[in-house]
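**Student:** Got a structure for you, questions after.
The values are calculated or read from the model by the stated rules, or taken from the named source; none is laboratory data. Quick caveat: nothing in here was measured; it's all calculated off a predicted structure. Cβ coordinates were reconstructed from backbone atoms using ideal geometry, including for glycine residues, and neighbour counts include every protein chain displayed.
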Amino acid sequence: MFYQFPDNFSWGSAIWAQGTEGAWDHDGTAPTVYEKYYQQHPDRFYQQQGPNETLDWYHRFPVYHDYLSQLQHDSFRTSILWARLMPDGKNVNPQAADYYRSLFQDLRRRGIKVYVVLYWFDMPVLFEDRGGFGNREIIDDFVNYCHHCFDLFDDLVDIWHVYNEPRVDADLKYLDNRCYPNITDFRYHSQAIFNMVLAHAKVVECYRQNHFRNKIGSVIDVSYAYPRSQQAEDIQAAQAYSLFNYECFLAPLIHGHFPENYLPLLAQANAAPQIHDGDLATIAANTIDVLGVNYYFPARIMAKEASDTVKTSRYDFYDFWEMPGRVMNTSRGWEIFPQALYDTLAMIKTRYRNIECYISENGMGVEREWQYRGENGEIADDYRIDFLKQHLIAAHQAIGEGVNLHGYHLWSFIDLWSPSNQFKNMYGLVEFNPETKETRLKKSAGWYKQVINENGFSAD
């Protein structure tokens, strides 16, 4: 069967600045939380691979863009590093502005639409040391930074995304002890999430009040929640997971208000955020145009065994359930379940005003991919091709049922440095060797190029 996608469907892939740019100490760039974390705890990074030179995209982007042209991408998602563009937090670094403008211009010259994320886990240390998004005073600094980005680059950007996976950013720094400043405080975490929602509304307000002309939204990761059973306790646990992990952003960004049960659940854990007069009105008045959806795996949820658990964290509201017979990516430890992508898109249609949306990340990370290298030297990643086919079939079904899906960005364009496991699991269409810096197309790259050319694919 051939799965044909709509005319003008946008095909591409994605990277992020912190994981590709390198040149972390070049041209006055300030440190982010990742350089600080690596400085303090190199032992907590896989093979002590820090966020330093990575792919050196800062100097070598034309070489990488040649691959994008070769693979006939018509869109590409990347990000701007706040600490590079405004290293002192107040003034634009002209060298950084020249770099990003050259980057975006080169993509546009190649006929590739440009989607840009403004904040992607990479808080400058100078702001994190003032509390990061846990301190609402940072909001004005963030809006100022975003305004400069709009002034400098709006003529080159097709879609702006304020955040990528903002809940994950808060988790890493304020809940799960996986990034500087290594705070584990659910109240602080929930305040940071509220402040991020408020900051997002103010950035959207800034964009529209200054008459910029393109679309603005954010990228939210959704691990669609399935209860273990239809017992009330399991259903409530799955609802709590949804509220804490993705609806806390989807609802205010798309509808302009938090879900009905979200703030009361936080209050149960003594973690309700401080809300100032006018905050909720600002959030209500500044909803988004477009949504990016990152999907990798579902969440299997069950109720806590002890219902009288004292609640001090979101993890006290639910437990994870290992469903027997799950299909797993054993390298990454994630379940492979394309149905959840369909269910996510259907949820966006029915519950979130069928907003214009894009699959902004979807892909398969595999450890030690060199073991799949064929006689011709190419990595034969048929497992990735199969993964992508299954998920694109789910997306195709959703489009057929009226979901307002306009594009698909595979994660990732090239093997790159990840905040969670560095270069351990590789996701790219393009192979990158961190030791030799050599690059080479994988088998999946040729398959994906054909998908783009035909605006669809064949599958049994």
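**Student:** Under 7 Å between Cβ atoms, at least 6 apart or on separate chains: pull out the pairs that start in segment 388-411 with a residue that is closer than 16 Å to residue 294 by Cα and end on any residue that is of a type in the set (Asp, Glu) and modelled with pLDDT of 95 or more.
**Tutor:** 404/356; 406/356; 409/361; 411/361
**Student:** Further question: Only one residue in 229, 223, 218 is of a type in the set (Ser, Thr, Tyr) and crowded, with 23+ Cβ neighbours inside 10 Å, so which one is that?
**Tutor:** 218
**Student:** Return yes when residue 143 is assigned to a loop (DSSP other than H, G, I, E, B) and either touching a residue at least 12 places away in the same chain (Cβ under 8 Å) or within 27 Å of residue 60 (Cβ to Cβ) (or both) and no when it is not.
**Tutor:** So residue 143 fails the test.
**Student:** Residues of segment 149-177 being farther than 22 Å from residue 108 by Cα, in a loop (DSSP other than H, G, I, E, B) and without any contact (Cβ under 8 Å) to a residue 24 or more places away in the chain, which ones?
**Tutor:** 176, 177
**Student:** So for segment 113-136 (the condition being surrounded by fewer than 24 Cβ atoms within 10 Å (Cβ to Cβ), within 18 Å of residue 219 (Cβ to Cβ), touching a residue at least 60 places away in the same chain (Cβ under 8 Å) and among the charged types (D, E, K, R)), does at least one residue qualify?
**Tutor:** yes
**Student:** Can you tell me which residue among 99, 163 is out of contact with any Lys or Arg (no Cβ under 9 Å at 6 or more places or on another chain), of a type in the set (Phe, Trp, Tyr) and buried (at least 22 other Cβ atoms within 10 Å of the Cβ)?
**Tutor:** 163
**Student:** Hey, another quick one. Within the bounds of segment 338-347, is there any residue that is part of a loop (DSSP other than H, G, I, E, B), over 25 Å from residue 169 (Cβ atoms), at pLDDT 95 or above and touching a His at 6+ places or on another chain (Cβ under 8 Å)?
**Tutor:** Taking every residue of segment 338-347 in turn, at least one turns out to be part of a loop (DSSP other than H, G, I, E, B), over 25 Å from residue 169 (Cβ atoms), at pLDDT 95 or above and touching a His at 6+ places or on another chain (Cβ under 8 Å).
**Student:** Is it the case that segment 355-370 has a residue that's surrounded by fewer than 21 Cβ atoms within 10 Å (Cβ to Cβ), out of contact with any Lys or Arg (no Cβ under 6 Å at 6 or more places or on another chain) and under 21 Å from residue 8 (Cβ atoms)?
**Tutor:** The answer is yes; a qualifying residue exists.
**Student:** Would you confirm, using the coordinates I've provided, whether residue 330 is over 19 Å from the mean Cα position of the chain (by Cα) and β-branched (Val, Ile, Thr)?
**Tutor:** Spelling it out, residue 330 is indeed over 19 Å from the mean Cα position of the chain (by Cα) and β-branched (Val, Ile, Thr).
**Student:** Still on this model: Can you go through 303, 272, 281, 285 and tell me which one is under 30 Å from residue 349 (Cα atoms), surrounded by 20 or more Cβ atoms within 10 Å (Cβ to Cβ), modelled with pLDDT of 95 or more and among the small types (Gly, Ala, Ser)?
**Tutor:** The match here is 303.
**Student:** Another question, then. Restricting attention to segment 56-66, does a residue exist that is under 12 Å from residue 19 (Cβ atoms), modelled with pLDDT of 95 or more and in contact with a strand residue (DSSP E or B) (Cβ under 8 Å, 6 or more places away or on another chain)?
**Tutor:** Taking every residue of segment 56-66 in turn, none turns out to be under 12 Å from residue 19 (Cβ atoms), modelled with pLDDT of 95 or more and in contact with a strand residue (DSSP E or B) (Cβ under 8 Å, 6 or more places away or on another chain).
**Student:** Here's another thing I want to ask about it. Please determine whether any residue of segment 200-217 is part of a helix (DSSP H, G or I), among the aliphatic types (A, V, I, L, M) and either over 24 Å from residue 128 (Cα atoms) or within 15 Å of the chain's Cα centre (by Cα) (or both).
**Tutor:** For segment 200-217, residues part of a helix (DSSP H, G or I), among the aliphatic types (A, V, I, L, M) and either over 24 Å from residue 128 (Cα atoms) or within 15 Å of the chain's Cα centre (by Cα) (or both): absent.
**Student:** Looking at (1) modelled with pLDDT of 95 or more; (2) surrounded by 17 or more Cβ atoms within 10 Å (Cβ to Cβ); (3) not in a helix (DSSP H, G or I); (4) not aromatic (Phe, Trp, Tyr), which one does residue 332 not meet, given that it meets all the others?
**Tutor:** Residue 332 satisfies every listed condition except (1).
**Student:** Restricting attention to segment 178-193, does a residue exist that is polar (S, T, N, Q) and assigned to a helix (DSSP H, G or I)?
**Tutor:** yes
**Student:** Please go through segment 416-429 and pick out each residue that is buried (at least 24 other Cβ atoms within 10 Å of the Cβ) and over 12 Å from residue 384 (Cβ atoms).
**Tutor:** Residues satisfying the conditions are 416, 417.
**Student:** Could you check segment 408-429 and list, in sequence order, the residues that are assigned to a strand (DSSP E or B), hydrophobic (A, V, I, L, M, F, W, C) and under 16 Å from residue 53 (Cβ atoms)?
**Tutor:** Once the filter is applied, which keeps residues that are assigned to a strand (DSSP E or B), hydrophobic (A, V, I, L, M, F, W, C) and under 16 Å from residue 53 (Cβ atoms), segment 408-429 yields only 414.
**Student:** Taking segment 59-81 as the region of interest, how many residues are farther than 13 Å from residue 15 by Cα and buried (at least 23 other Cβ atoms within 10 Å of the Cβ)?
**Tutor:** Of the residues in segment 59-81, 1 are farther than 13 Å from residue 15 by Cα and buried (at least 23 other Cβ atoms within 10 Å of the Cβ).
**Student:** Restricting the search to segment 194-215, which residues are farther than 19 Å from residue 255 by Cα and surrounded by fewer than 16 Cβ atoms within 10 Å (Cβ to Cβ)?
**Tutor:** 209, 210, 211, 213
**Student:** Condition first: under 22 Å from residue 9 (Cα atoms), modelled with pLDDT of 95 or more and touching a Leu at 6+ places or on another chain (Cβ under 9 Å). Now tell me which residues in segment 415-460 satisfy that.
**Tutor:** Answer for segment 415-460, where residues must be under 22 Å from residue 9 (Cα atoms), modelled with pLDDT of 95 or more and touching a Leu at 6+ places or on another chain (Cβ under 9 Å): 428, 429, 444, 445, 446, 447, 448, 449, 451, 452, 456, 457.
**Student:** Hey, does segment 282-295 have a residue that's aromatic (Phe, Trp, Tyr), in contact (Cβ under 8 Å) with a residue 60 or more places away in the chain and out of contact with any Pro (no Cβ under 8 Å at 6 or more places or on another chain)?
**Tutor:** The answer is yes, given that some residue of segment 282-295 is aromatic (Phe, Trp, Tyr), in contact (Cβ under 8 Å) with a residue 60 or more places away in the chain and out of contact with any Pro (no Cβ under 8 Å at 6 or more places or on another chain).
**Student:** Moving on to the next point. Applying the selection to segment 252-276, what residues are out of contact with any Asp or Glu (no Cβ under 9 Å at 6 or more places or on another chain), of a type in the set (A, V, I, L, M, F, W, C) and touching a residue at least 12 places away in the same chain (Cβ under 8 Å)?
**Tutor:** Answer for segment 252-276, where residues must be out of contact with any Asp or Glu (no Cβ under 9 Å at 6 or more places or on another chain), of a type in the set (A, V, I, L, M, F, W, C) and touching a residue at least 12 places away in the same chain (Cβ under 8 Å): 253, 254, 265, 266, 272, 275.
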